[in-house]
Amino acid sequence: MSLHWIPLIPGLGGLLVSLCPADRESWMHRLASYCSAALSLLVVATFVQAWQHPIADFKAPLFDWEGHHFGLTLHLDLAGGVFLFMTALLGGLVVRFSRFYMHREPGQRRFFSTLLFFLAGMCGVVLAHDLDTLFLAWEVVGISSFLLIGFYRQREGPVRNALKVYCIYRLCDVGLLVGA
């Protein structure tokens, strides 16, 4: 089983939800629920496989630039499997209960697609094997959490808090690069 499907399923689900018609609320909910359920099943299957063979890797080159090879490198061991399982479980719970919370709320297509992109980024952070992949997944988590916190754009409080989170993520980016 290939590890690249784990962050790819919620990422593709977020893309599909963003393409749903805005008046089809049930489609968005079902698609988001199916994507989170598929992610959970894939994580459990991958965790069982990792239990039998403790190390699983996936490598795909993205591009080369001035002698540096940028690639997507994913790694799963038993500790990462536990974190991945918790990420999928909590993400599935958020998708499940957001269905009722977001009922008849304008912009729920944006909410569910951003939530699925957040799940994809979190799975990427857990599975990252090198700094390039970790930084890419961290940026997906940062952008999507900024968008989720500032979901209610017409209110002053969420917008102010989203800008605070954006600044904190930029400081964390600097700390991540210095730590590397």
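The values are calculated or read from the model by the stated rules, or taken from the named source; none is laboratory data. All values reported here derive from a predicted model rather than from experimental measurement. Using ideal geometry, Cβ is built from the backbone for each residue, glycine included, and neighbour counts are taken over all protein chains shown. All accessible areas refer to the heavy atoms of the entire protein, side chains included, with ligands and DNA or RNA removed. Shrake-Rupley method; radii C 1.70, N 1.55, O 1.52, S 1.80 Å.
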Listed residues W5, W65 arranged by accessible area, highest first, probe 1.4 Å | W65, W5
For labels at R30 and F97 in the simple 7 Å Cα→Cβ model, what's the distance in nm?
-> 2.6 nm
Would you check the accessible area of T133, probe 1.4 Å, heavy atoms only, in square angstrom rounded to 10?
-> 10 Å²
How large is the accessible surface per residue of region 30-180, computed with a 1.4 Å probe and reported in Å² as a whole number?
-> 60 Å²
Using θ = phi - 60° and the Karplus curve 6.51 cos²θ - 1.76 cosθ + 1.60, what whole-Hz ³J(HN,Hα) does each residue of region 13-26 get, with Gly and Pro shown as x?
-> x, x, 5, 5, 5, 5, 8, 5, x, 5, 8, 9, 4, 5
Using a 1.4 angstrom probe and counting only protein chains, how large is the accessible area of H103 in Å², to 10?
-> 100 Å²
Apportionment of accessible area to carbon and sulfur, the chain, percent (1.4 Å) = 69 percent
Exposure ranking of V126, V95, V48 by accessible area [1.4 Å probe, largest first] | V48, V126, V95
Tell me, what is the FRET efficiency for N161 and F83 to the nearest 0.05, using R0 = 30 angstrom and their Cβ-Cβ distance as r?
-> 0.70
Is the shape of region 97-171 best called rounded, prolate or oblate, per the rule: a/c under 1.5 gives rounded, else a/b larger than b/c gives prolate, else oblate, with a ≥ b ≥ c the square roots of the Cα gyration tensor eigenvalues?
-> oblate
Once you have the Cα-Cα distance between L177 and E66, take 0.36 nm times their residue separation minus that, and quote the gain in nm to one decimal.
-> 38.0 nm
Roll a 1.4 Å probe over the protein heavy atoms and report the accessible area of D23 in Å², nearest 10.
-> 120 Å²
Using helices alone, what [θ] at 222 nm do you get for the chain, with -39,500 (n - 2.57) per DSSP H run of 4 or more residues, divided over all residues and rounded to the nearest 500?
-> -25000 deg cm²/dmol
